[in-house]
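Undergrad: This structure is in structure tokens; I'll ask about it shortly.
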Amino acid sequence: MGLFVMPSLGADMEVGKLVEWLVGPGSAVKRGDIVAVVETQKGAIEIEIFEPGTVVELLAEPDQVLPVGAPLARIRAPGEFDVKSSPAVGPPMAKLPVPDTLPQLLAQAAPSRPVPAPTAARAAGGPKPSSPAARQRAAEAGLDLTTVEGSGPGGAVLLSDVERCLAVTPSPAAPMRAATASKGKPGIDMVEMRKAIAAAMSRAKREIPHYYLSHEVDLQRASDWMGAQNAIRAPGARLLMGALFVKATAHALAKVPELNGRNENGIFTASERVNAGLAIAMRGGGLIAPAIMEADQSSLDQVMDAMRGLVVRTRAGRLRNAELTLGTITVSSMGESGVDALLGVIYPPQVALVGFGAPRVRPMIVDGTLVPHVAVTATLAADHRVSDGRRGALLLTEIERRLQEPETL
């Protein structure tokens, strides 16, 4: 019998508030199912499960504030017998202590309410089960959730189901979305987010021996190729240079695998896939870097689509736990209006961050001739415990080579 516990949704997280269960005892779950919603300083996060099985017992109630690692539910693996006489695991969740130093947002839990009945039971004669993110998106779009087919456990409607429905049926409330968004997103406390960012960055500079490298990259071929591509594409399918930066970085890491992974408890583990964290600025301030999963295996168009989706969901506080916890490297781009270069701080437990300044027309010598070319300054912040300057330099030069061949991305 396995335990499903409160996940760590970032190096700065100590506790989380259980907002809602989307499953109940008896629910069958599979890898990737959204089973609960947890609130942190970064908003309401949809929690995925990574092992198949059947929910046997819920050990925590909505509105409880629980430390990372606290048991949330018991899960029976496929083929495993349910021993009903098993003793209860640990003390009641309501009695778990919460450190005095935690953010005010999570320091006080609302009064406990009964654990909800299984999803299937709620669906019978009651409102259709759905995640908070799905309900909020449907409300913004004026979409009736009863018309949406859910793909979650027990038929629960997830955010992805709503987005899929809206892609087929245009939203009647589209003109109202901007006004709705301007009011701010519930569950995101910008002051607490700033505290969380400060705590994570302080830890990074204290524990990680950073080294920095920079390199000027000629972007003229990439810029010309992207312009030609966008000229024949519909507006919604056009590419941004940031997508090329992510894809070139993901490909380049194949040459320097020690910069793609996680250093946890002093042990570095290289990742077989590149889950590229994308640094996204919140409109009210603050920064979150959710991951584009398997960016190295995705096409350039898929990376571009993932970037658009992450920006929208990050600013709405509708991310999934895998996107916050499984990143293997971070890519940060200043965009068209930023400064020439940035020196990033590695987000633990990752070991590298690649930064791109604003692309600008600069004088460059090409084949002995001085010409104006679009160029960008690429920088690397890396962990000296797992790599050195020569290996870091190889990554930057490989990124440059990839950007010189944009059609291969």
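The values are calculated or read from the model by the stated rules, or taken from the named source; none is laboratory data. Predicted model only: the values in this text are computed from it and were never measured. Using ideal geometry, Cβ is built from the backbone for each residue, glycine included, and neighbour counts are taken over all protein chains shown.
Undergrad: So in segment 143-154, with the set limited to residues that are modelled with pLDDT of 75 or more and part of a helix (DSSP H, G or I), which one is surrounded by the most Cβ atoms within 10 Å (Cβ to Cβ)?
TA: 145
Undergrad: For segment 281-306, give me each residue that is surrounded by fewer than 22 Cβ atoms within 10 Å (Cβ to Cβ) and assigned to a helix (DSSP H, G or I).
TA: Across segment 281-306, the qualifying residues are 297, 300, 301, 302, 304, 305.
Undergrad: What single numbered condition from (1) assigned by TED's automatic domain parsing to the domain that holds residue 342; (2) modelled with pLDDT under 95 fails to hold for residue 194?
TA: If we test residue 194 against (1) assigned by TED's automatic domain parsing to the domain that holds residue 342; (2) modelled with pLDDT under 95, just (1) comes out false.
Undergrad: Of the numbered conditions (1) touching a helix residue (DSSP H, G or I) at 6+ places or on another chain (Cβ under 8 Å); (2) within 30 Å of residue 336 (Cβ to Cβ); (3) modelled with pLDDT of 95 or more, residue 237 fails exactly one; give the number of that condition.
TA: Condition not satisfied by residue 237: (3).
Undergrad: Test of understanding: among 237, 306, 243, 250, which residue is more than 19 Å from the chain's Cα centre (by Cα) and more than 20 Å from residue 10 (Cα to Cα)? Don't jump to the end; show me each part of the working.
TA: Values: 306 fails: more than 19 Å from the chain's Cα centre (by Cα); 243 fails: more than 19 Å from the chain's Cα centre (by Cα); 250 fails: more than 19 Å from the chain's Cα centre (by Cα).
Within the list 237, 306, 243, 250, the selection yields 237.
Undergrad: May I pose another question? Can you pull out the residues in segment 246-280 that are assigned to a helix (DSSP H, G or I) and either modelled with pLDDT under 95 or touching a helix residue (DSSP H, G or I) at 6+ places or on another chain (Cβ under 8 Å) (or both)?
TA: Step one: list which residues in segment 246-280 are assigned to a helix (DSSP H, G or I), which gives 246-252, 257-259.
Correct list: 246, 247, 248, 249, 250, 251, 252, 258, 259.
Undergrad: Could you say which residue among 254, 228, 237 is without any contact (Cβ under 8 Å) to a residue 24 or more places away in the chain and surrounded by fewer than 19 Cβ atoms within 10 Å (Cβ to Cβ)?
TA: The unique qualifying residue is 228.
Undergrad: Suppose the filter is closer than 20 Å to residue 9 by Cβ, surrounded by 22 or more Cβ atoms within 10 Å (Cβ to Cβ), modelled with pLDDT under 90 and not β-branched (Val, Ile, Thr); does residue 315 pass it?
TA: Values: closer than 20 Å to residue 9 by Cβ: yes; surrounded by 22 or more Cβ atoms within 10 Å (Cβ to Cβ): no; modelled with pLDDT under 90: yes; not β-branched (Val, Ile, Thr): yes.
Criteria not met by residue 315.
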